[in-house]
Amino acid sequence: MLIEVILVFFIVVVGTVGEMCVTRAMKIIGEVKDFNPRTLLGVPIRAFRVGWMWVGFAMMALAYFALLGMLARANVSYVIPITSLSYVVGAIGGRWFLGEAVTHQRWIGVLLVCAGVVLVYLGKG
Amino acid sequence: MKGAADLRFKTYLLISMLIFFGPIGDLLMSKGMRRIGTAPSWSPAALLHYAFQVFTSPIIWCGTLAMIGFFISYTVVLTWADYSYVQPASALTSGIAALLGRFVLGETVTPLRWAGIAIVCLGVLIIGYTPPRTTEPIDAN
C-alpha cells in the first residue's frame, strides 16, 4: 500500500511539477511570434539551454517510471483515473508556482475535465 | 483588443495541433510496434535485426514525426499560454483517442466513455472562455 501511495505521489505531484518546470523554462524563452518551421524547431532546442527544462524533464522521467511501476501493480482502469488528479495539482501549482490567475471559472472547467477523464477510462470497453 | 484575439487564435491553433498530433503519434507507434511484435530473442543478432525493423518502419517514422509535432506544439504554446489553461485543454486528446479507436481501429466506445468525452469537452469549453495568458514572461536574470 505504501509503495502505491509513493508511486501515485510521483505520478501526480512530481510529474505535474515537472511539467510546470518546463512551462517556466518556456516562459523564460518568451512568446514565440514567428511561426516559420525553422524557428519552431529551434524553440525546444533553445529551451534545453534553460536549467528549468532539465529539472522538468528529470521529474517527468521519474513520473513516467512511476507510472510504469504502477501499471505493473494495478489495472489501468484504476491507475488512469487517479492520474487525473494531476489537473487539480496543475491548477494549484499554476496559481502558486507560476503565478497564474486560476479563476472560479477555470476551476470549474478543471474539475469537469477531471471527472470526464475518469469516465473516459472507466468506460473503456 | 486585436492582440487579445490574435493570442486566443494562436493558442487555439497550437492546442488543436497538440491534441491532433498526440493521439495520432500514439496510434501510429502502437500500430507499428504491434506489426513488428516483440523481439524473438535477446541475442545481439536478434536485437540488431529487431532494431533495424523498428528504424526502417514507415509507420514508426510517421509516429515519431507526429510525436515531434506534439512536443513542438506543446512547448511553443507554453511560451505564452498559462499551464493551467493548456494542461486541462490537452485532455481532449483522450476524446480524440476514443474517436480514432472508434473510426480507425473499429473499437467499441461505450456510452459511459462518450459521456466522459462530453464532460471533458464541456470543461475545456469553460476553460476556453478564460484568458489564455494571465502572466508576463519571466526574466531569466
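Every number here is computed from the coordinates shown, using simple stated rules; none is lab data. If you're wondering where the values come from, they're calculated on a predicted model, not measured in any experiment. Because the Cβ atoms are built from the backbone with ideal geometry, glycine has one as well, and the counts that use them run over all protein chains shown.
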Original post:
In the Gaussian network model of chain B, springs joining C-alpha atoms below 10 Å, which of B:Phe71, B:Phe21, B:Phe55 carries the largest mean-square fluctuation?
Top reply: B:Phe55
Original post:
Going toward the positive end of the dipole of the stretch A:2-122, with +1 on Lys and Arg Cβ and -1 on Asp and Glu Cβ, which of A:Met20, A:Tyr78, A:Leu111 do you reach last?
Top reply: A:Met20
Subject >> Exposed chymotrypsin sites (Phe, Trp or Tyr not before Pro) absent: longest stretch of chain A, with sites in DSSP loops and at most 13 other Cβ within 10 Å deemed exposed >> reply: A:49-125
**OP:** Measure of size requested: the Rg and Dmax of chain A, with Cα atoms as the atom set and Å as the unit; please supply both.
**Re:** 16.5, 50
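Using Cα pairs closer than 8 Å and at least 6 residues apart in sequence, work out the relative contact order for chain B, in percent. Display every interim value, and only then the final one.
On the way: 114 pairs, mean separation 45.3, N = 141.
With pairs under 8 Å counted, the relative contact order is 32 percent.
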Original post:
What does the convex hull of the alpha-carbon atoms of the protein assembly as shown project to on average, in nm²?
Top reply: 16.2 nm²
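If Rh is defined by the Kirkwood formula over all Cα pairs and Rg also comes from Cα, what ratio Rg/Rh do you get for chain B?
Numbers: Rg = 19.1 Å, Rh = 17.4 Å.
Reported Rg/Rh (Cα atoms, Kirkwood Rh): 1.10.
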Original post:
Hey, got a sec? Which trypsin sites (Lys or Arg not before Pro) in the stretch A:47-122 land in a DSSP loop and have at most 12 other Cβ atoms within 10 Å?
Top reply: A:Arg49
Original post:
222 nm [θ] for chain A, helices only, -39500 (n - 2.57) per DSSP H run of 4+, per residue, to 500?
Top reply: -24500 deg cm²/dmol
**OP:** Could you work out which residue, out of B:Ala51, B:Ala97, B:Ala66, moves most in a Gaussian network model of chain B, that is, has the largest mean-square fluctuation with Cα springs under 10 Å?
**Re:** B:Ala51
Subject >> Cα centroid separation, the stretch B:37-55 to the stretch A:60-125 (Å) >> reply: 35 Å
